[in-house]
Amino acid sequence: MSILDVKILQDYIRMCNDGWLQGWHERNGGNLTYRMKAEEVEACKPFFKEPGPWVNMGVTGENLAGEYFLTTGSGKFFRNVILDPEHSIGIVEINEKGDSWRIVWGLEGGAKPTSEFPSHFMNHSVRVKATDGACRVIYHAHPANIIAMTYVLPLTAKAFSRALWQAATECPVVFPAGVGVVEWMVPGGAEIAMATSEQMKKYDAAVWAHHGLFCSGPDFDITFGLMHTIEKAAEIHNLVMATSGGNVRQTITDDNLRAIARDFGVTINEEFLD
Ligand code: 2HA
Ligand code: ZN
């Protein structure tokens, strides 16, 4: 028996590999964190090592004190997670103030949690609050089509939400609140973490201009599915723009969007409808 036999580790590794297979994780691009359930921590504890030193994050999430997170490693490649989990991913514990982490498993060879750990951590803090504790997954990837859209659309939640909703009928059902947008910023620090978590108060996904996408959800299926749905809608949007030269003949109307929301029992964000 090894920690790699524990189901949550297997599911986490599968999601990393699924993202790699989609082409969303060139080189060390992207990162994934998962807030573990108490029983999952217990199942993994026999395999924990002597904890490393506490490392301050520069951000605080008081509601995450004492939690354990699975995380990809800084500079590590999603492509390698399935082959070498011990060096590519790890488990960190959060301290009682909710401002520092320490490594309790994995990240072997001096590795550290993802460079975007502050953004993930603040997003977890906000999403846990917004979903009454249901949110467990934060996923960042570099899908090409959503990134391409950030060069042609206004960098507003309204413009992106409408364009994505209109690109595929499933979209208003999958993300009825819409998506947030964060203007271009230097990645990896507290500033982009705060700006992203501001968006995550209202949306469960946020686009990073000229960089990628953050998605959140209660489990791996829903969160991966959200990334996948948004990126596919972005691909359709870009195909339509490329083939039509911007002269769109017809689309899903605002009343169509309202009709989908009504029949599927979701509350569409009326702020973005005319
Ligand atoms: O992990 O994706 O945003 C590399 C990145 C930084
Ligand atoms: Zn990135």
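What follows is calculated from the coordinates using simple rules that are stated; it is not laboratory data. Here the structure is a predicted model, which means the values were calculated and not measured. Don't worry about glycine lacking a Cβ; one is built from the backbone with ideal geometry, like all the others, and counts go over all protein chains shown.
Quick notes on this one:
- Compared with the alpha-carbon gap, the fully stretched path from ALA134 to GLU170 is longer by 10.7 nm at 0.36 nm per residue.
- Contact order, relative form, for region 200-274: 13 percent (alpha carbon pairs under 8 Å, 6 or more residues apart, mean separation divided by residue count).
- Per-residue 3J(HN,Hα) values for region 160-167, derived from phi via the Karplus relation 6.51 cos²θ - 1.76 cosθ + 1.60 with θ = phi - 60°, read 5, 4, 5, 4, 6, 4, 6, 7 Hz in sequence order (x marks Gly and Pro).
- Choice from GLN166, GLN250, GLN22 with maximal GNM fluctuation in the chain (Cα, 10 Å cutoff): GLN250
- Compared with the dominant Cα axis of the chain, that is its longest principal axis, helix 117-130 is turned about 70°.
- Only lysine pairs 8 or more places apart or on separate chains count here, and in the chain those with Cα atoms under 21 Å apart total 18.
- Shape category assigned to region 223-263 from the gyration tensor of Cα positions, a/c cut at 1.5: oblate
- Unit charges on C-beta of K, R, D, E only; dipole of the chain, Debye: 280
- For region 161-183, the residues whose backbone nitrogen is under 19 Å from a point 7 Å from the Cα of LEU155, taken along Cα to Cβ, are 161-164, 179-183.
- Three-way shape label, region 1-160, alpha-carbon gyration tensor, a/c 1.5: oblate
- Computed from Cα atoms, the angle from the helix 7-21 axis to the main principal axis of the chain rounds to 50 degrees.
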